[in-house]
Amino acid sequence: MDAHELDAEISACVCALLTHTLKVDGRIARRLVEVSADLARRQSSSEPSVAQYCARLNELVSAVLTESKSANS
C-alpha cells in the first residue's frame with residue numbers, strides 16, 4: 001500500500017470512530033497494528049518529509065487504538 005492509501009484508510013477509520021459509526025473489533029485492531037508497523041518501516045527508510053508524514057499518521061493510528069481500548073473497557 002502506498003502512503004496515500006494508508007492515509008485514506010486511517011482517515012476513514014478516525015472519522016468513523018469520532019462519529020461513533022465504528023466499533024473497533026479485533027479484526028480492525030489487528031489491521032491498525034499492521035498499518036502502524038508498515039508506517040514505522042516506511043518512516044525508518046524514507047526521506048525526512050515522508051518520515052515526518054508517516055510519524056503523524058502513526059500518531060493517529062495510536063490514538064485510535066488507545067481510544068478504542070478505553071471505550072471497550
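Run down 61, 24, 35 and say which single residue is outside any helix (DSSP H, G or I), hydrophobic (A, V, I, L, M, F, W, C), surrounded by 14 or more Cβ atoms within 10 Å (Cβ to Cβ) and on the phi < 0 side of the Ramachandran plot.
24
Given the criteria assigned to a helix (DSSP H, G or I), of a type outside the set (Lys, Arg) and modelled with pLDDT under 90, does residue 73 qualify?
no
Looking at the stretch 1-16 only, could you name the residues that are touching a residue at least 24 places away in the same chain (Cβ under 8 Å), part of a helix (DSSP H, G or I) and of a type in the set (A, V, I, L, M)?
If the condition is that a residue be touching a residue at least 24 places away in the same chain (Cβ under 8 Å), part of a helix (DSSP H, G or I) and of a type in the set (A, V, I, L, M), then 3, 6, 10, 14 are the ones that fit.
Sort out which residues of the stretch 38-58 are part of a helix (DSSP H, G or I) and either of a type in the set (Gly, Ala, Ser) or in contact (Cβ under 8 Å) with a residue 24 or more places away in the chain (or both), and write them in order of number.
38, 39, 40, 42, 44, 49, 50, 51, 53, 54, 55, 57, listed by residue number.
Only one of these conditions is not met by residue 7: (1) surrounded by 12 or more Cβ atoms within 10 Å (Cβ to Cβ); (2) at pLDDT 85 or above. Which number is it?
(2)
The values are calculated or read from the model by the stated rules, or taken from the named source; none is laboratory data. This is a predicted model, so every value here is computed, not measured. Reconstructed Cβ throughout: ideal geometry from the backbone, glycine too, with neighbour counts over all protein chains shown.
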